[in-house]
1. Against the definition (in contact with a Gly (Cβ under 7 Å, 6 or more places away or on another chain), not polar (S, T, N, Q) and not in a strand (DSSP E or B)), how does residue 446 come out, yes or no?
2. Kindly check whether there is at least one residue in the range 258-271 that is open to solvent by less than 40 Å² (accessible area, probe 1.4 Å), at pLDDT below 95, assigned to a loop (DSSP other than H, G, I, E, B) and on the phi > 0 side of the Ramachandran plot.
3. I need every pair where a residue in the range 253-276 that is in the same structural domain as residue 366 (by the TED database) has its Cβ under 8 Å from the Cβ of a residue that is part of a loop (DSSP other than H, G, I, E, B) and among the hydroxyl-bearing types (Ser, Thr, Tyr), sequence separation at least 6 or different chains.
4. Are any of the residues in the range 428-443 in the same structural domain as residue 484 (by the TED database), open to solvent by 80 Å² or more (accessible area, probe 1.4 Å), assigned to a loop (DSSP other than H, G, I, E, B) and not aliphatic (A, V, I, L, M)?
5. Could you tell me whether residue 126 is surrounded by 17 or more Cβ atoms within 10 Å (Cβ to Cβ) and either among the charged types (D, E, K, R) or touching a Ser or Thr at 6+ places or on another chain (Cβ under 7 Å) (or both)?
6. Just wondering, is there one or more residues in the range 333-341 that are outside any loop (DSSP other than H, G, I, E, B), β-branched (Val, Ile, Thr) and either exposed (fewer than 14 other Cβ atoms within 10 Å of the Cβ) or not assigned by the TED database to the domain that holds residue 295 (or both)?
7. Among the listed residues 89, 30, 95, 39, identify the single one that is modelled with pLDDT of 50 or more, closer than 23 Å to residue 393 by Cβ, open to solvent by 40 Å² or more (accessible area, probe 1.4 Å) and not assigned by the TED database to the domain that holds residue 390.
Amino acid sequence: TGHMLHSRRKSEGGGTGKRDGRRQEKRERELQLFILFAETRFLHHFKDKPFMVVNVTSSSPTSLLGAQIIDLMILVVDVVKGMQTQTAECLLIGELTCPSMVVVLNKIDLLPPNKRQNAVEKMTKRMLKTLESTRFKECPVIAVAARPGGPDAAEPEEPHGVQELIELLKKQTYLPKRDPAGDLLMAVDHCFSIRGQGTVMTGTILQGSLAVNDTVEIPVLKVTKKIKSVQMFRKPVSGAMQGDRVGVCVTQFDPKLLERGVVCTPGSLRTLFGAVISVRKIGYFKGSLATRAKLHITVGHETVMARVSFFGLPPSDAQSAPPELRSLEAPFDFDREYVYQDEYVSAQADGAGGGPDPEQWALLEFERPVTCPALCLVIGSKLDTDIHANTCRLAFQGRLLQGFEDKNYAETSLPRLRIYKTKQKEGQVERVTDDYTVIGRSLFKKETNLQLFVGLKVTLSTGESGVIEGGFGQSGKFKIRIQEGLSPDTQQLFSSKKKSKSGTKVDEEARPESQPVSIHLQFKRYVFDPHKKMIQS
């Protein structure tokens, strides 16, 4: 578009020193993504529909910004090095965001001519084997050398396989279904000013539509602006819809405030401080996922650090749940009980063999607020892992099910989450005072407030059940009431103990000192309950 061409001229050799400095800073930014949009017209059978080539360099899952606007993915693989870490990550992101793909084996000119054909066939088989378990099974694979000999070659050769690639892309190209309905959501990849006109935001419309004179919101800034003009492929247009690549001009807006982000219908997006997501571990990720760990979370069109806490269904509910893979977009139920997990539970670790992982969720506590649509894709990654290590950094995927807009959500919203931990304590019976009362010890510390435990049920290792009635003395001992009374065997056990202490000769095998009667206390406590109540079934 005209707006885009102006942007490209400013960023390619025509910029000022200040602009170059800003570009250098962006390169050094940790989660930087570079996307180059270029119009292509070689697809003659769709000549009435312009096409864009999006070049995404995957240094982080921030490439989702580019991946979510792609209809056909071209996975470029170095034919010499094969599948590398970044290649695998691009493939995974493509699986989550893109319906179809073409694999291009590049740099075939680096292979010896007499071995080139065998090497290409071997790599093609390896790629197809890798793709067997993905949505891209049996996708086309083509070998090319875009610039034989490299840019410094003394005698440049003709490209190998490029024309064949063009013909293949013609066959694979299709007209995707577009829908102008719904709220506007536009991914903005660049923002700049044009003297005398205003500020231009270039990007792709992900959903909905826009038109001249519409009011749109820049949610991260809580600012609304009226659209002055729209351009699409060098021509002014009155409006645009889902899938269109546009330049939108507004007035009285400083482009320095927005480098990359989203534009939307006013009020349609929320800014969140925390969220509940469905979660499913990515199979290629080999490490464990511990609760309270910090991960890079890509949500909407932002990547931010967040603390992750995993939880799942109670054992009884998990066993009755169907074994098939449940949709990640299934609604979240605040009225249901969930069990706290120290880490994400995999099917293999859970003893379920090769089946799907148990249904699980995660609480995300963002380090800074994020703006995103409901049910948007969420990717959890460990980007601090060495990029050269032979390991996948993408850890899990999910969908945003519930968001917390209140900055104090820990006090106002989290108590609604009925996530509990199971607690167990064990003590010993010290003595029996009568057939219905025993004195226990070693269950509580001396300083424990025993009133908090009055009324809780306990069980004895001999089988009886009782209720804690209160403290006994000042050393942490306590009194237990056995409603149905001690069994004759238990009474005999403690009767023998008394005789032993009084000096009466007792059979060695009958001495209870080697097998003391233990007391077991079990209860659960909701993690986010401000009152820390103890609950028993």
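1. On the way: in contact with a Gly (Cβ under 7 Å, 6 or more places away or on another chain): yes; not polar (S, T, N, Q): yes; not in a strand (DSSP E or B): yes.
Judged against the criteria, residue 446 is a match.
2. no
3. 274/413
4. So in the range 428-443, the residues in the same structural domain as residue 484 (by the TED database) come out as 428-443.
Okay, now just the ones that are also open to solvent by 80 Å² or more (accessible area, probe 1.4 Å), so 431, 436, 441.
Imposing the further condition that a residue be assigned to a loop (DSSP other than H, G, I, E, B) reduces the set to 436.
Adding the requirement that they be not aliphatic (A, V, I, L, M) leaves 436.
Yes, the conditions are met somewhere in the range 428-443.
5. Numbers: surrounded by 17 or more Cβ atoms within 10 Å (Cβ to Cβ): no; either among the charged types (D, E, K, R) or touching a Ser or Thr at 6+ places or on another chain (Cβ under 7 Å) (or both): yes.
Taking the combined requirement at face value, the residue does not satisfy it.
6. So in the range 333-341, the residues outside any loop (DSSP other than H, G, I, E, B) come out as 338-340.
Okay, now just the ones that are also β-branched (Val, Ile, Thr), so 339.
Now restrict to residues that are either exposed (fewer than 14 other Cβ atoms within 10 Å of the Cβ) or not assigned by the TED database to the domain that holds residue 295 (or both): none.
Taking every residue of the range 333-341 in turn, none turns out to be outside any loop (DSSP other than H, G, I, E, B), β-branched (Val, Ile, Thr) and either exposed (fewer than 14 other Cβ atoms within 10 Å of the Cβ) or not assigned by the TED database to the domain that holds residue 295 (or both).
7. On the way: 89 fails: open to solvent by 40 Å² or more (accessible area, probe 1.4 Å); 30 fails: modelled with pLDDT of 50 or more; 39 fails: closer than 23 Å to residue 393 by Cβ.
Testing whether each residue is modelled with pLDDT of 50 or more, closer than 23 Å to residue 393 by Cβ, open to solvent by 40 Å² or more (accessible area, probe 1.4 Å) and not assigned by the TED database to the domain that holds residue 390 leaves just 95.
Table: residues versus (1) farther than 27 Å from residue 243 by Cβ; (2) in the same structural domain as residue 52 (by the TED database).
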| residue | (1), (2) |
| --- | --- |
| 142 | no, yes |
| 147 | yes, yes |
| 150 | yes, yes |
| 154 | yes, yes |
| 157 | yes, yes |
| 160 | yes, yes |
| 165 | no, yes |
| 168 | no, yes |
| 178 | no, no |
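The values are calculated or read from the model by the stated rules, or taken from the named source; none is laboratory data. Everything numeric here is computed off the predicted structure, so don't read it as measured data. Note: ideal-geometry Cβ built from the backbone for every residue, glycine included; neighbour counts use all protein chains shown. Just so you know, the surface numbers come from the protein's heavy atoms only, side chains and all, with ligands and any DNA or RNA stripped out. Shrake-Rupley method; radii C 1.70, N 1.55, O 1.52, S 1.80 Å.
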